[in-house]
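Report on the structure given below.
The values are calculated or read from the model by the stated rules, or taken from the named source; none is laboratory data. Predicted model only: the values in this text are computed from it and were never measured. We place every Cβ from the backbone using ideal geometry, glycine too, and count neighbours over all the protein chains shown. Side chains included, ligands, DNA and RNA excluded: accessible areas come from the protein's heavy atoms. Shrake-Rupley method; radii C 1.70, N 1.55, O 1.52, S 1.80 Å.
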Amino acid sequence: MNVNEIREKSRSVIGPYCKSCPVCNGKACSNKIPGPGAKGTGTVAIKNYDAWQKIEVKMDTLAENKEIDTTFKMFGKTFKYPIFAGPVGAVSQHYSDLYNDNMFNEIYVRACAKSGIAAFTGDGLNEEIMMHATHYIKENNGIGVPTIKPWDKDTCFKKLDLANESNAFAIAMDIDAAGLPFLQGRIPPAGRKSVEELKEIIDYAHVPFIVKGIMSVEGAQKAVDAGAKAIVVSNHGGRVLDGTPATACVLEEIADQFKGQVKIIVDGGIRSGLDVFKALALGADAVIIARPFVNMIYGGKDEGVEAYVQQLGQELENTMMMTGVSSLREISKKNIYK
């Protein structure tokens with residue numbers, strides 16, 4: 001099956017909120033929560049997608065006809081593409097009960113590793129989610145990124161113990177999850193972290209730490225000061241705060257300041273290999289894509305993930321070929337119109 005066939009198949013099993021749209025642009029689900037929508041007006045996810053579409057690429061085929069190299073290296077691992085699958089949680093609540101988080105993550109981690117990329121796994125109130133996710137990552141030779149919510153310190157350390165034991169090549173925290181309702185009002189408190197608190201958490205990890213949820217130069221500086229080896233420019237798909245800018249609109253400023261100091265990853269509305277190219281041209285080292293992978297798993301399990309990764313890779317390779325570049329390091333602002 002191809003991606004369109006898998007997406008079509010997912011429509012009959014994915015539940016009432018997600019519509020498995022031909023293009024996952026945030027419009028049909030808008031502010032549907034539960035569901036994959038965004039908070040408040042539901043417009044941030046739409047802005048994320050639209051911002052990438054406003055960037056155009058500069059075609060140039062007067063270049064040496066060398067083999068295209070899409071491989072990406074990070075933290076001692078080599079991936080087929082500069083693409084990661086993003087953390088997804090509470091799938092039975094937001095999509096349908098065909099899967100729970102443990103079943104979903106088992107397919108997610110395995111299929112992404114087989115496809116030459118890595119999955120970020122989600123976290124939740126149920127302690128078994130992190131236990132199972134880290135087990136699946138260990139089964140797949142550490143190719144996966146356990147992603148921990150900004151819990152209180154003791155809870156973070158317990159989850160970091162599992163993450164450390166998984167042999168994961170990196171560990172992440174989606175610090176922007178502080179805006180999720182189930183983290184509010186907890187005793188001891190969860191949510192926002194000072195630089196000192198985040199540093200203590202990062203120091204407890206045995207591998208490079210990724211901080212997800214950075215939307216400003218100031219935020220990036222704090223993450224770097226705390227010891228992050230990578231940041232993810234992300235507004236959590238618009239699910240934690242309405243009225244934020246699109247990630248594409250803040251990426252360039254952050255990359256201009258921190259490129260080379262820390263790995264820069266971006267998510268939010270990236271849906272094609274062409275979008276991946278645009279993100280790299282703005283200064284990202286890699287991207288994260290999340291929502292479309294849910295449709296692929298619901299519609300085709302491992303085959304769905306593999307088909308989507310292959311399509312993304314082919315689109316990226318074709319864009320590189322038609323813009324005169326042969327490797328990721330050659331992609332820059334000169335290859336796009338803003």
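Here are the numbers for this structure:
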item: When region 173-281 is reduced to its Cα atoms, the Kirkwood hydrodynamic radius in Å; result: 14.6 Å
item: 5 angstrom amide H check on V240, placed H, neighbours 5+ away; result: K39
item: Phi to ³J(HN,Hα) by Karplus 6.51 cos²θ - 1.76 cosθ + 1.60 over region 325-338, Hz, x for Gly, Pro; result: 10, 10, 9, 4, 5, 7, 6, 8, 4, 5, 8, 9, 10, 10
item: Gap separating the Cα centres of region 287-338 and region 187-233, nearest whole Å; result: 28 Å
item: Alpha carbon Rg of the chain, scaled by the compact-globule rule 2.2 N^0.38 Å; result: 0.92
item: T78-N25 pseudo-label distance in nm [points 7 Å out on the Cα-to-Cβ vector]; result: 3.9 nm
item: Vicinal HN-Hα couplings computed from phi for region 33-42 (Karplus, 6.51 cos²θ - 1.76 cosθ + 1.60; Hz; Gly/Pro x); result: 9, x, x, x, x, 9, 6, x, 5, x
item: Proportion of all alpha-carbon pairs of region 59-105 beyond 18 Å (%); result: 59 percent
item: Low-density loop cleavage sites - GluC sites (Glu not before Pro) in region 1-87, where at most 10 other Cβ are within 10 Å (DSSP); result: E64, E67
item: Cα-projected label distance for R11 with K333, points at 7 Å along beta-carbon direction, nm; result: 4.2 nm
item: Listed pairs K39/K149; K159/K193; K77/K114; K73/K153; K159/K229 exceeding 22 Å between Cα atoms; result: K73/K153
item: For I83, residues with placed amide H under 5 Å, excluding near neighbours; result: V287
item: Per residue solvent-accessible surface (Å²) - the chain, probe of 1.4 Å; result: 43 Å²
item: Accessible surface of the chain [probe 1.4 Å, protein heavy atoms]: carbon and sulfur percent; result: 50 percent
item: Summed side-chain charge close to V217 - residues other than V217 whose Cβ falls under 15 Å, Lys, Arg +1, Asp, Glu -1; result: -3
item: Long-range HN-HN contacts of M74 with modeled amide H, under 5 Å; result: F79
item: Three principal axis lengths of region 95-179 [C-alpha, angstrom, descending]; result: 34, 31, 21
item: Candidate aspartates and glutamates for bridging to K334, where Cα separation is under 18 Å - those fewer than 8 sequence places away on the same chain excluded; result: E56, D60, E64, E252, E253, D256, D275, D285, E317
